[in-house]
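What follows is a short report on a single structure.
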């Protein structure tokens with residue numbers, strides 16, 4: 001009697017993993033080809049606008065700010081899509097999140113609302129929820145090598161979201177502190 005490990009034989013599992021990797025690579029190359037299509041970009045921008053606005057509703061953002069919440073998410077996702085194919089996912093996420101944070105601070109100053117209303121709704125399209133789900137699914141299916149790879153990528157993308165928000169906040173605070181000093185100096189000189 002032959003004893004087979006849980007999940008099939010080793011050759012079966014290795015074949016299954018290589019098939020999964022080929023499928024992932026094929027999907028990535030197809031996605032890169034589609035990104036040049038204007039309809040592809042339009043659908044993604046519309047979906048990210050709706051998703052950000054819907055999360056604004058979910059987080060009880062004021063009705064007057066829902067348009068700006070959707071706009072910040074849409075701009076962040078547009079930057080991510082345009083930069084991801086050339087510079088990689090982590091840098092594209094940092095750049096997109098930085099822009100979302102800067103835009104959120106601008107909206108907060110214009111509409112006199114807290115920054116967090118715009119920034120939380122704006123980063124929703126950038127959150128790697130699908131990757132985290134796939135990583136957990138691979139863990140459950142005993143495909144540990146692929147699971148660790150996906151989990152590490154999700155962790156890096158989550159960290160890059162935090163870095164982008166912190167950078168935009170720090171630079172925003174530096175600019176805010178310098179602008180009033182210049183104005184005060186001009187008034188004192190007169």
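Could you check the simple spin-label distance between residue 141 and residue 91, using points 7 Å along Cα→Cβ, in nm with one decimal?
3.1
For the pair residue 106 and residue 152, what calculated FRET efficiency results from E = 1/(1 + (r/R0)^6), where r is the Cβ-Cβ distance and R0 = 45 Å, to the nearest 0.05?
Given R0 = 45 Å and the Cβ-Cβ separation, E is 0.85.
For residue 173, project a label point 7 Å along Cα to C-beta. Then give me every residue of the stretch 106-120 with its amide nitrogen under 15 Å of that point.
115-116
Testing the spin-label approximation: label points 7 Å from Cα along Cα→Cβ at residue 57 and residue 166. State their distance in nm.
Placing both labels 7 Å beyond Cα along the Cβ direction yields 3.5 nm.
None of the figures in this text is laboratory data; all of them are computed from the coordinates on show. In this text, all values refer to a predicted model and were calculated from it rather than measured experimentally. Cβ sites come from the backbone with ideal geometry, for glycine too, and all protein chains shown count toward neighbours.
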